[in-house]
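One structure below.
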Amino acid sequence: MLVLNKKAKIILAAAVFVLLAGAGGLVEHFERDAFIMEEVAVDDDALYMPDGESEIDGKININAASAEEFEILDGIGEALSERIVKYRDDNGPFMTIEEIMNVSGISDKKFENIKDDICAE
């Protein structure tokens with residue numbers, strides 16, 4: 001039979017506490033990372049966002065589309081599509097399609113070219 005003195009018991013208890021606390025932190029870290037997923041590609045290469053459908057009735061949903069999807073629109077390149085996504089991330093969802101004109105680079109003319117191809121759901 002193993003007999004521990006008071007000092008050994010305290011050291012053992014502290015070691016067990018540190019191990020359990022560390023294991024709990026690891027579990028929390030892995031659980032959080034397991035659920036971080038912004039988009040999932042499927043067989044037909046369509047992108048689906050957890051926040052909502054990125055395409056509705058054939059129109060790009062400006063509140064769920066990825067930067068790559070914005071590039072499909074007439075006159076929207078890589079830099080501008082990334083600005084749209086950043087604006088949405090910083091300011092929240094677009095309430096109307098006209099609000100996309102608040103993004104630097106979306107002029108009245110550019111909006112006229114894309115307004116029939118977008119929606120804000």
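The values are calculated or read from the model by the stated rules, or taken from the named source; none is laboratory data. These numbers come from a predicted model, not from an experiment. Counting neighbours? That spans all protein chains shown, and the Cβs are built from the backbone with ideal geometry, glycine included. The area values use the complete protein model at the heavy-atom level, side chains included, leaving out ligands, DNA and RNA. Shrake-Rupley method; radii C 1.70, N 1.55, O 1.52, S 1.80 Å.
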Those residues of region 36-52 which are open to solvent by 60 Å² or more (accessible area, probe 1.4 Å) and either modelled with pLDDT of 70 or more or under 18 Å from MET95 (Cα atoms) (or both), in sequence order: ASP51
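Tell me which residues, restricted to region 71-86, are among the charged types (D, E, K, R) and outside any loop (DSSP other than H, G, I, E, B). I'd like the intermediate steps shown before the answer.
In the first step, residues of region 71-86 are kept if they are among the charged types (D, E, K, R); the result is 71, 74, 78, 82-83, 86.
Selection gives GLU78, GLU82, ARG83, LYS86.
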Residue list for region 53-70, restricted to those being assigned to a helix (DSSP H, G or I) and either surrounded by fewer than 20 Cβ atoms within 10 Å (Cβ to Cβ) or of a type in the set (Lys, Arg) (or both): ALA67, GLU68
In region 71-119, residue farthest from SER54 (Cα to Cα) [restricted to those that are open to solvent by less than 30 Å² (accessible area, probe 1.4 Å) and either small (Gly, Ala, Ser) or touching a residue at least 60 places away in the same chain (Cβ under 8 Å) (or both)]: GLY92
